[in-house]
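Some notes on the structure that comes next.
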Amino acid sequence: MERKSSDGVLIGLAALGLGAMTAAIVYGHAGDTDVVRFAIRMTARTSLGFFLVAFVAGPLLRLMPGPFIRWLAGHRRAFGLSFALSHATHLTMIGLLYSLDRTLFWTLTNPVTVATGVIAYGFIAMMTLTSLDALHRRMGPKLWRGLHVLGAWYIWISFAVAFGKRAVMNGHYWLPVAILIVALAVRLLGMMPKPAKAVAA
Ligand code: HEM
């Protein structure tokens with residue numbers, strides 16, 4: 001994929017926004033576990049936003065092409081890398097919470113979630129590294145696509161599980177669950193072969 005200078009601008013803006021948001025939340029309160037937990041939740045939500053754009057932009061372009069969708073699809077990589085940045089911040093805040101209060105950390109999570117989360121971060125790291133042109137070329141298109149498709153689905157499932165288990169206890173979480181289901185539908189519809197008529201047109 002050709003690297004665009006506007007990708008750099010988008011990623012820079014995402015980094016600035018994430019840095020400003022996280023600093024505004026924790027500045028002066030980095031020892032307060034409630035504040036750090038809030039930062040963990042907020043970064044999970046910014047991650048969801050960036051991820052969803054990267055996840056559906058391609059299929060959306062097939063389903064309803066238009067200038068805005070084309071722009072989104074053309075900047076998929078920037079949204080994917082912004083997701084990686086946001087989730088790195090999520091991890092940093094998790095590390096901060098762990099260092100502040102291990103007992104609280106283990107009441108909020110468990111070894112299975114940590115293990116599945118480590119796999120998710122493994123995918124995110126590999127997808128980020130292979131977004132670099134040199135590695136992208138070296139990998140070849142088949143392997144690259146395999147990794148990115150598998151990683152994207154694994155991350156979708158991670159979000160669905162993380163929000164789904166909270167939705168059972170707090171009704172507000174049905175909103176992100178519903179958004180994830182719509183994204184799933186868009187992605188699956190976008191994978192379906194186009195009818196011959198549409199292809200000819
Ligand atoms: C080692 C890996 C991870 C650990 C230890 C971890 C830990 C946590 C903790 C402790 C919270 C709850 C904060 C609170 O309620 O105060 C949280 C929230 C959350 N995490 Fe992570 N996480 C990990 C990876 C991931 C991954 C890979 C995803 C998704 C791709 C994810 C998505 C979420 C979501 C959606 C929330 C809820 C946000 C909200 O309440 O709105 N996490 N995480």
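The values are calculated or read from the model by the stated rules, or taken from the named source; none is laboratory data. Since the structure is predicted, the reported quantities are computational estimates derived from the model, not experimental observations. Here the Cβ is made from the backbone with ideal geometry for all residues, glycine too, and neighbour counts use every protein chain on show.
To keep it simple, each residue is scored yes or no on (1) modelled with pLDDT of 95 or more; (2) surrounded by fewer than 17 Cβ atoms within 10 Å (Cβ to Cβ); (3) in a helix (DSSP H, G or I); (4) in contact with a strand residue (DSSP E or B) (Cβ under 7 Å, 6 or more places away or on another chain).
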{"position": "Thr22", "(1), (2), (3), (4)": "yes, no, yes, no"}
{"position": "Ile25", "(1), (2), (3), (4)": "yes, no, yes, no"}
{"position": "Ala30", "(1), (2), (3), (4)": "no, yes, no, no"}
{"position": "Arg41", "(1), (2), (3), (4)": "yes, yes, yes, no"}
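Restricting to the stretch 94-128, name every residue that is of a type in the set (S, T, N, Q), in a helix (DSSP H, G or I) and either within 11 Å of the ligand (Cβ to nearest atom) or over 18 Å from the mean Cα position of the chain (by Cα) (or both).
Those that are of a type in the set (S, T, N, Q), in a helix (DSSP H, G or I) and either within 11 Å of the ligand (Cβ to nearest atom) or over 18 Å from the mean Cα position of the chain (by Cα) (or both): Ser99, Thr103, Thr107, Thr113, Thr116.
From the list Arg166, Arg145, Arg137, exactly one residue is of a type in the set (D, E, K, R) and surrounded by 15 or more Cβ atoms within 10 Å (Cβ to Cβ). Which is it?
Every option except Arg166 fails the conditions.
Inspect all residues belonging to the stretch 103-117 and state whether any of them is touching a residue at least 12 places away in the same chain (Cβ under 8 Å) and either within 28 Å of Pro65 (Cβ to Cβ) or crowded, with 16+ Cβ neighbours inside 10 Å (or both).
Checked against the condition, which is being touching a residue at least 12 places away in the same chain (Cβ under 8 Å) and either within 28 Å of Pro65 (Cβ to Cβ) or crowded, with 16+ Cβ neighbours inside 10 Å (or both), the stretch 103-117 yields at least one hit.
If the requirement is being among the β-branched types (Val, Ile, Thr), more than 16 Å from the ligand (Cβ to nearest atom) and assigned to a helix (DSSP H, G or I), which of these qualifies: Val182, Val161?
Val182
Please give the number of the condition Phe51 fails out of (1) more than 11 Å from the ligand (Cβ to nearest atom); (2) in a helix (DSSP H, G or I); (3) under 19 Å from Val182 (Cα atoms).
It is condition (1) that Phe51 fails.
So which residues in the stretch 1-48 are farther than 28 Å from His136 by Cα, near the ligand (Cβ under 8 Å from one of its atoms) and polar (S, T, N, Q), if there are any at all?
none
Which numbered condition in (1) surrounded by 14 or more Cβ atoms within 10 Å (Cβ to Cβ); (2) over 17 Å from the mean Cα position of the chain (by Cα); (3) in contact (Cβ under 8 Å) with a residue 12 or more places away in the chain is the only one that Ser131 fails?
Condition (2) is where Ser131 drops out.
Name the residues in the stretch 54-80 that are free of Cβ contacts under 8 Å to residues at least 12 places away in the same chain and in a helix (DSSP H, G or I), would you?
Listed by number, the residues that qualify are Pro67, Phe68, Arg70, Trp71.
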